[in-house]
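Working notes, structure below.
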Number of protein chains: 2
Amino acid sequence: LPDLKPHRRSALCDRLGIELPIIQAPMAGVQGSALAVAVSNAGGLGSLPCALLMPDAIRGDISAITAHTSQPYNVNFFCHTAPVADAGREAWRPIIISSATTVDEARWLEAHGVDVIVAQGLEAGGHRGHFLSDDLTLQAGTFALLPQILRAVRVPVVAAGGIADAAGVAAAMALGADGVQIGTSYLLCPEATTSAVHRAALKSESARHTAVTNVLTGRPARGIVNRLIASVGPMSATVPPFPLAAAAVGPLRAKAEGQGNGDYSSLWSGQNASGCREVPAADLTRQLAERL
Amino acid sequence: LPDLKPHRRSALCDRLGIELPIIQAPMAGVQGSALAVAVSNAGGLGSLPCALLMPDAIRGDISAITAHTSQPYNVNFFCHTAPVADAGREAWRPIIISSATTVDEARWLEAHGVDVIVAQGLEAGGHRGHFLSDDLTLQAGTFALLPQILRAVRVPVVAAGGIADAAGVAAAMALGADGVQIGTSYLLCPEATTSAVHRAALKSESARHTAVTNVLTGRPARGIVNRLIASVGPMSATVPPFPLAAAAVGPLRAKAEGQGNGDYSSLWSGQNASGCREVPAADLTRQLAERL
């Protein structure tokens, strides 16, 4: 079986203007500009998650990024409905990177002009990126999803889900990925704003049991199983729609976290937290690239 | 991050007495001795699945294997309850290979003296190998499961789930696997006894949608979603216990298959059927090993 797409890694780096084919996954709620700056300055693509930010906060964080790095960076939004035309936004002429959880979604994204596709394997932490179907049985693990998306589209494809260290990066590239997107491994970096209860959970044995759950926000997302997920989830038909579920559990979560208790928190994590390191994000980025 | 376990591939081959670190997954119902012989003669480890065989049939198939190959082969059983002592069986002094779907199961197997562990990622086709818990949220994709099992045990670890071609084999080895176990890719080989409806499904777009279901046998297994799974599954609390569900649906399945219809059949497949090739199993085995 020939390698169908040689030299795709450098093509991705050229396209994005980065040195290393490593995208730091945007992780709303646990990071701001500092993590993005550190990863971009280390040669990867740092990301600013905007799902929880109002426009003024986004402007402030982007100013903070551009003040501390001249390298490219990624600004991430949740897109649940088709956006309306916006001349100001279109004037950016950005490169669009979007997640696909199935081959059909990858084909849809390519047909709609996306520049780079992130193949989000079922191992990935945080919110699932599915948008063509809510049937979670359609979603596959990285080992299965990535090769099938690579065969289905011509744009660069970035692997996400379960990739935690240099060996994982090397494996994804061996499968033919143009690059990788890594989130969970960055959660213990000092630049991340991961909460104390979240950090404690990631360092414990409990990080080995995650589930895709809708009880924390109303939309399926992977997190470490805690009391809330175990008692009313992982999937519930009666949960308020996204993002209202998060507000519903907010007071309980705040009270518990004040007591150092993550029973009701969103302890987002992929299925492989074994790559988490309490080291600066630049060091982690370089470690991830060691086998490239 | 250092490569923790160098040279483990050759250690596995030495332990099993095989040339290539490729195990043909035992697949009850779709293969007999012919596929095992072809793979063993090609340098991999062929497998004879015995889950559906009475003792006389097992003896017959083993005779057929030993008549056609002098290479090692794997004889596979489902073990749902602790086996009783059996002097005849113990006289074999076999090497025991067993599947783990979680880190806890891998540790349990090692503690109980298993020689080789198959890390069965959630992408894998056919029956799930879980035995310590029925909670399927504990099961992880290959990218996440394999590295964590490699860190947890010292015996050789074989990767399974979503590995479909030479790139997949190379990726699993890059993650640190000592070898790979591959099933789905062999299903179209002439030596497999895969049914006509099963072959047709594997070659169609419908192979991209699989689910872990208990409605076909009573025990969770991954297969291509068909009418039966879609209408009463994928998981059902009212299904007869394993293996009685298979008998319950038997007459309906036989009638439908007689009309070339797989709506009620067990169309076992992993999440990545893209590696299926209608080529002799020896050729496929050599292709899988091309990047080793």
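When the solvent-accessible area of chain B is split by element, carbon and sulfur atoms take up 55 percent of it, the probe being 1.4 Å. Each residue, A:Arg107 and A:Arg59, gets one label point 7 Å from its Cα in the Cβ direction; the gap between the two is 4.3 nm.
By the equivalent-ellipsoid construction on the alpha carbon gyration tensor, the range A:112-225 comes out with semi-axes of 25, 18, 12 Å, ordered largest to smallest. Using Cβ point charges alone (K and R +1, D and E -1), the dipole size of the range A:162-292 about the Cα centre works out to roughly 320 debye. Using only protein heavy atoms and a 1.4 angstrom probe, determine the accessible area buried between B and A, summed over both sides, in Å² to the nearest 100. About 3400 Å² of accessible surface is lost on pairing. All C-alpha to C-alpha distances of the protein assembly as shown, sorted into 10 Å bins beginning at zero, yield P(r) values of 3, 17, 28, 26, 16, 7, 2, 0 percent in whole numbers.
Here the protein assembly as shown is assigned +1 on the Cβ of each Lys and Arg and -1 on the Cβ of each Asp and Glu. Its dipole about the Cα centre then comes out at about 160 debye.
Here's the picture: charge each Lys and Arg Cβ at +1 and each Asp and Glu Cβ at -1 in the range A:124-240, and of A:Pro240, A:Gly176, A:Thr217 the one pushed furthest to the positive end of that dipole is A:Pro240.
Here the 3J(HN,Hα) profile of the range A:124-133, calculated from phi with Karplus coefficients 6.51, -1.76 and 1.60 at θ = phi - 60°, is 4, x, x, 5, 6, x, 4, 9, 9, 8 Hz, Gly and Pro shown as x.
Inside 10 Å of the C-beta atoms of A:205-214, what's the mean count of C-beta atoms belonging to other chains? Could you put the intermediate results ahead of the total?
Numbers: counts 2, 0, 1, 9, 8, 4, 4, 1, 1, 0.
Whole-number average of other-chain Cβ neighbours for A:205-214 is 3.
In chain B, helices alone account for a calculated mean residue ellipticity at 222 nm of -10000 deg cm²/dmol, with every DSSP H run of four or more residues adding -39,500 (n - 2.57).
The trypsin sites (Lys or Arg not before Pro) of the range B:180-233 that meet both conditions, a loop assignment by DSSP and at most 14 other Cβ atoms within 10 Å of the site Cβ, are B:Lys203. The distance between label points at B:Ser231 and B:Arg93 comes to 5.5 nm (points 7 Å beyond Cα on the Cα→Cβ vector). Beta-bridge orientation, the protein assembly as shown: approximately 25 percent antiparallel, per DSSP, counting only bridges with both partners inside.
Between copies, the label points of A:Arg93, set 7 Å from Cα on the Cα→Cβ line, lie 7.5 nm apart, reported in increasing order to one decimal in nanometres. Based on alpha carbons, the Rg and Dmax found for the range B:153-292 are 16.5, 51 Å. Pairwise Cα distances in the range B:227-292 exceed 21 Å for 46 percent of all pairs.
Kirkwood hydrodynamic radius of chain B, from the reciprocal of the average inverse Cα-Cα distance over all distinct pairs: 19.2 Å. Taking the range A:19-134 on its own, what percent of its Cα-Cα pair distances exceed 21 Å? Everything past 21 Å amounts to 41 percent.
Output the direction-averaged projected area (hull surface divided by four) of the convex hull of the alpha-carbon atoms of the range B:132-194, in nm².
Averaging across all directions leaves 5.7 nm² for the Cα convex hull.
Taking Cα centre as origin and charging only the Cβ of basic (Lys, Arg, +1) and acidic (Asp, Glu, -1) residues, the dipole magnitude of chain A rounds to 200 debye.
List the aspartates and glutamates whose alpha-carbon lies under 20 Å from that of B:Lys203, not counting same-chain residues fewer than 8 positions away? By straight Cα distance, B:Lys203 reaches A:Asp104, B:Glu123, B:Asp165, B:Glu191, B:Glu257, B:Asp263, B:Glu278, B:Asp283. By the gyration tensor of its Cα atoms, with a ≥ b ≥ c the square roots of the eigenvalues, what is the shape of the range B:93-135: rounded for a/c under 1.5, prolate for a/b over b/c, or oblate? Oblate, since a/c reaches 1.5 and b/c is not below a/b.
Taking amide H positions as modeled 1.01 Å from N, with prolines and chain starts lacking one, the residues under 5 Å from A:Arg128 and 5 or more places away or on another chain are A:Ala221, A:Arg222. When both the range A:18-87 and the range B:147-186 are represented by their alpha-carbon centers, they are found 35 Å apart.
Counting Cβ atoms of other protein chains within 10 Å of each residue's Cβ and taking the mean over peptide B:169-178 gives 6. Of all beta bridges that DSSP places with both ends in chain A, some 25 percent have antiparallel geometry. Sequentially through the range B:260-273, phi angles give Karplus couplings (6.51, -1.76, 1.60; θ = phi - 60°) of x, 10, x, 4, 10, 8, 8, 8, 4, 6, x, 6, 10, 8 Hz, Gly and Pro residues having no value and appearing as x. The tail of the calculated P(r) for the range B:196-259 beyond 14 Å holds 59 percent of all Cα-Cα pairs. Classify the range A:177-220 as rounded, prolate or oblate from the Cα gyration tensor: take a ≥ b ≥ c as the square roots of its eigenvalues, call it rounded if a/c is under 1.5, otherwise prolate when a/b beats b/c and oblate if not. Judged from the Cα gyration tensor, the range A:177-220 comes out oblate (a/c at least 1.5, b/c at or above a/b).
Taking amide H as placed 1.01 Å from N in the peptide plane, the amide H of A:Thr210 sits under 5 Å from that of A:Val225, each at least 5 places away or on another chain.
Toward the positive end of the charge dipole of the range A:51-188, with +1 on the Cβ of Lys and Arg and -1 on the Cβ of Asp and Glu, the farthest Cα among A:Gly113, A:Pro55, A:Ala100 is that of A:Gly113.
If you find the alpha carbon centre of the range A:224-277 and of the range B:213-292, how far apart are they in angstrom? Measuring centre to centre over Cα atoms gives 35 Å.
Taking amide H as placed 1.01 Å from N in the peptide plane, B:Asn74 has its amide H under 5 Å from the amide H of B:Gly46, B:Ser47, B:Leu48, each at least 5 places away in sequence or on another chain.
The values are calculated or read from the model by the stated rules, or taken from the named source; none is laboratory data. Values in this document were obtained by computation on a predicted structure and should not be read as measured data. Every residue, glycine as well, gets a Cβ built from its backbone with ideal geometry; the counts of neighbours run over all protein chains shown. Note: accessible area is taken over every heavy atom of the protein model, side chains too, but ligands, DNA and RNA are not part of it. Shrake-Rupley method; radii C 1.70, N 1.55, O 1.52, S 1.80 Å.
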